[in-house]
Amino acid sequence: MFAPSDQAFAAIPQATRQRLLQPENRETLRQVLTYHFVPGNLTANQIQSGEVKSLANNPVNIQVDQATKQVRVNNARVTQPDIQASNGVIHVVDQVILPPNLNL
């Protein structure tokens, strides 16, 4: 899971956040949230560059800079990797990752 930090959520305009939380936008919110999940249980050392299909059924582009050990997902940067959870590994990112062609 690529989990946005509190600061990443705060960077979304308040009107957009409020719109996403309205009952009629439940499907859009689900698309945004599931776009942050990819299959597997990988630590940052195991992640490889490439396109990976998210649970939203849209691909994310993962880039790994081997020299700096920096991982990026689309335009988001992993700021805190490898948080072990009972159901997987969490990697905190500095942006909310939006699916392509999402109409907010």
What about Asn103, is it part of a loop (DSSP other than H, G, I, E, B), touching a strand residue (DSSP E or B) at 6+ places or on another chain (Cβ under 9 Å), of a type in the set (S, T, N, Q) and in contact (Cβ under 8 Å) with a residue 12 or more places away in the chain?
no
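Does Ser54 satisfy the criteria of being of a type in the set (Ser, Thr, Tyr), out of contact with any helix residue (DSSP H, G or I) (no Cβ under 9 Å at 6 or more places or on another chain) and open to solvent by less than 90 Å² (accessible area, probe 1.4 Å)?
no
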Looking only at residues in the range 64-79 that are open to solvent by 50 Å² or more (accessible area, probe 1.4 Å) and over 18 Å from Ala8 (Cβ atoms), which one is farthest from the chain's Cα centre (by Cα)?
Ala67
Pick from the range 90-104 the residues that are at pLDDT 95 or above and touching a Ser or Thr at 6+ places or on another chain (Cβ under 6 Å): which of them is most open to solvent (accessible area, probe 1.4 Å)?
Asp94
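If I filter the range 9-43 down to residues being assigned to a helix (DSSP H, G or I), in contact (Cβ under 8 Å) with a residue 60 or more places away in the chain and open to solvent by 50 Å² or more (accessible area, probe 1.4 Å), which single residue comes out as nearest to Val60 (Cα to Cα)?
Start the filter on the range 9-43 by keeping residues that are assigned to a helix (DSSP H, G or I), which leaves 9-10, 14-20, 23-34.
In the following step, the residues that additionally are in contact (Cβ under 8 Å) with a residue 60 or more places away in the chain were identified as 9, 16, 19-20, 28, 31-32.
The next check asks that each one be open to solvent by 50 Å² or more (accessible area, probe 1.4 Å); those that pass are 9, 19, 31.
Details: Phe9: 19, Arg19: 24, Gln31: 13 Å.
The residue in question is Gln31.
The values are calculated or read from the model by the stated rules, or taken from the named source; none is laboratory data. Worth saying up front: this structure is predicted, and the values here are computed from it rather than measured. Positions of Cβ are generated from backbone atoms using ideal geometry, with glycine treated the same way; all protein chains shown enter the neighbour counts. Side chains are part of the model used for accessible areas, which takes the heavy atoms of the whole protein and leaves out ligands, DNA and RNA. Shrake-Rupley method; radii C 1.70, N 1.55, O 1.52, S 1.80 Å.
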